[in-house]
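The values are calculated or read from the model by the stated rules, or taken from the named source; none is laboratory data. Note that the coordinates shown come from a computational prediction; the quantities given were computed from them, not determined experimentally. Every residue, glycine as well, gets a Cβ built from its backbone with ideal geometry; the counts of neighbours run over all protein chains shown.
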Amino acid sequence: MQIPIAKPFIGEEEKQAVVQVLSSGQLSQGPKVAEFESAFAAQHGAKHGIATSNGTTALMAAIMAHDIGPGDEVIIPSFSFFATASCVLSTGARPVFADIDPATFNLSPEAAEAAITPKTKAIMPVHLYGQPADMPRFEAICKKHGLVLLEDAAQAHLSHINGRHVGTWGTTGFSFYPTKNMTTTEGGMVLTNDDETARKLRMIRAQGMNTQYYHEVVGYNFRMTDMAAAVGLVQLGRLPEWTAKRQANAAYFDELLTSVRTPYTKPGHTHVYHQYTVRVPDGVDRDAVAKRLNERGIGVRVYYPLPIHRQPVFQQMGGYENLHLPETEKATAQVFSLPIYPALTEEERDYIVQEINAAC
Ligand SMILES: *Cc1c(COP(=O)(O)O)cnc(C)c1O
């Protein structure tokens with residue numbers, strides 16, 4: 001058996017939707033983008049959606065829309081995909097890393113609050129692997145200290161806390177990269193409930209223009225194409241069913257995996273399992289287990305093997321050499337993720353359970 005870590009699905013409807021756009025002559029940001037923005041925002045209960053070229057530019061635009069830049073600090077987790085930090089760096093602001101809660105792998109509210117300095121402008125938790133971070137706590141901390149709340153929801157489409165979706169607490173970036181829970185090929189989206197932030201985001205996305213050829217601010221070309229949006233509209237329709245399948249696969253693994261620690265979900269939080277990430281017991285060589293499973297045809301992967309603050313680029317930058325985040329460093333040595341995609345068959349699930357229980 002060969003089971004990949006992810007299996008993006010593109011059906012006939014997506015293909016037809018793209019051909020229709022190509023025939024319409026409206027190729028870049030047009031009516032399909034507007035339709036996709038409204039539909040995605042509505043599904044999350046957010047007021048505004050601003051589509052972008054990818055998740056990284058969505059996060060950059062979110063940070064810039066709050067006038068955060070050189071001299072400012074943004075608190076983020078170090079246990080995430082590198083783009084969580086690069087989008088902060090791209091604005092000229094300084095990423096400040098805080099440790100995670102070892103149970104959920106998400107940014108710890110206590111650690112984030114302890115990292116606040118007079119230069120701090122924002123906190124940006126990541127809803128890692130598809131589980132919402134503790135947003136009520138982060139909202140209270142940001143209110144108390146007068147900070148902007150941002151969300152990196154690149155992995156967490158439709159996840160929620162007691163019915164309130166991610167993307168409705170702060171200014172939020174999503175990604176539609178092929179391996180995410182839904183795709184537009186490349187693409188991203190910012191959600192916000194604030195009218196003025198939405199107006200700024202629309203300008204930043206398209207050359208700083210408010211009225212055509214009148215440039216109010218320095219903007220960029222972060223536009224999504226109508227082809228991408230047409231794919232996204234079809235995929236958004238499939239997303240609730242796909243999410244339920246991911247959750248059913250997770251419930252199956254939760255019950256049957258005995259050799260590793262299965263994911264913990266906080267009460268009231270709905271996990272959408274972008275990744276199903278387990279931890280090997282203390283003393284077990286994670287890399288050897290992952291290698292053995294790969295050899296047995298199971299595409300397990302390590303997300304993420306090196307904390308962001310320990311990446312060469314940060315070590316060379318200065319100021320991060322002595323930073324020690326014990327829970328982040330421990331997690332990077334113990335976790336691996338297994339195939340959880342919606343199209344996983346029963347036979348594949350059984351094989352995964354059997355092999356993982358035998359592997360450590
Ligand atoms: C995928 C991802 C991004 C970046 O999204 P792209 O669409 O690849 O630019 C940012 N943050 C996290 C946590 C991600 O997983």
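The rows are residues; the columns are (1) under 22 Å from the mean Cα position of the chain (by Cα); (2) not in a loop (DSSP other than H, G, I, E, B).
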position: VAL218; (1), (2): no, no
position: ARG223; (1), (2): yes, no
position: GLY232; (1), (2): yes, yes
position: LEU239; (1), (2): yes, yes
position: PHE253; (1), (2): no, yes
position: TYR264; (1), (2): yes, no
position: ASP282; (1), (2): no, no
Checklist entry - Pairs, please: C-beta under 7 Å, at least 6 apart or cross-chain, first residue closer than 25 Å to VAL217 by Cβ and in segment 65-84, second within 10 Å of the ligand (Cβ to nearest atom) and small (Gly, Ala, Ser)? => result ILE76/ALA85; ALA83/GLY55
Next on the checklist: Pairs needed: first member in segment 35-59, farther than 19 Å from GLY237 by Cα and outside any strand (DSSP E or B); second member anywhere, among the charged types (D, E, K, R) and within 8 Å of the ligand (Cβ to nearest atom); C-beta distance under 8 Å; at least 6 residues apart or different chains.
Outcome noted: SER53/GLU186; ASN54/GLU186; GLY55/LYS180; LEU59/ASP152
Checklist entry - Just one of the numbered conditions (1) touching a Ser or Thr at 6+ places or on another chain (Cβ under 9 Å); (2) within 22 Å of ALA42 (Cα to Cα) is not true of ARG202; which one? => result (1)
Item to check | Tally, over segment 189-241, of residues that are in contact with a Leu (Cβ under 8 Å, 6 or more places away or on another chain) and either closer than 24 Å to VAL21 by Cα or of a type outside the set (Ser, Thr, Tyr) (or both) | outcome: 6
Checklist entry - Using beta carbons and a limit of 7 Å, which pairs, at least six apart or on different chains, have the first residue in segment 326-346 and assigned to a loop (DSSP other than H, G, I, E, B) and the second one surrounded by fewer than 19 Cβ atoms within 10 Å (Cβ to Cβ) and of a type outside the set (Val, Ile, Thr)? => result PRO339/PRO4; PRO339/GLY299; TYR341/ALA6; TYR341/LYS7; PRO342/LYS245; ALA343/LYS7; ALA343/PHE9
Checklist entry - Out of all the residues in segment 248-258, is one or more touching a Pro at 6+ places or on another chain (Cβ under 9 Å), among the hydroxyl-bearing types (Ser, Thr, Tyr) and surrounded by fewer than 19 Cβ atoms within 10 Å (Cβ to Cβ)? => result no
Next on the checklist: Being without any contact (Cβ under 8 Å) to a residue 24 or more places away in the chain, touching a Lys or Arg at 6+ places or on another chain (Cβ under 9 Å) and over 18 Å from GLU35 (Cβ atoms) narrows it down to one residue among VAL217, VAL278, VAL272; which is it?
Outcome noted: VAL217
Next on the checklist: Condition (residue is of a type in the set (Ser, Thr, Tyr), modelled with pLDDT of 95 or more and more than 16 Å from the ligand (Cβ to nearest atom)) applied to segment 213-236: is it met by at least one residue?
Outcome noted: no
Checklist entry - From the list LEU306, LEU293, LEU256, which one is within 16 Å of the ligand (Cβ to nearest atom) and at pLDDT 95 or above? => result LEU306
Checklist entry - How many residues, within segment 178-204, are under 25 Å from ASP134 (Cα atoms), within 9 Å of the ligand (Cβ to nearest atom) and in a loop (DSSP other than H, G, I, E, B)? => result 2
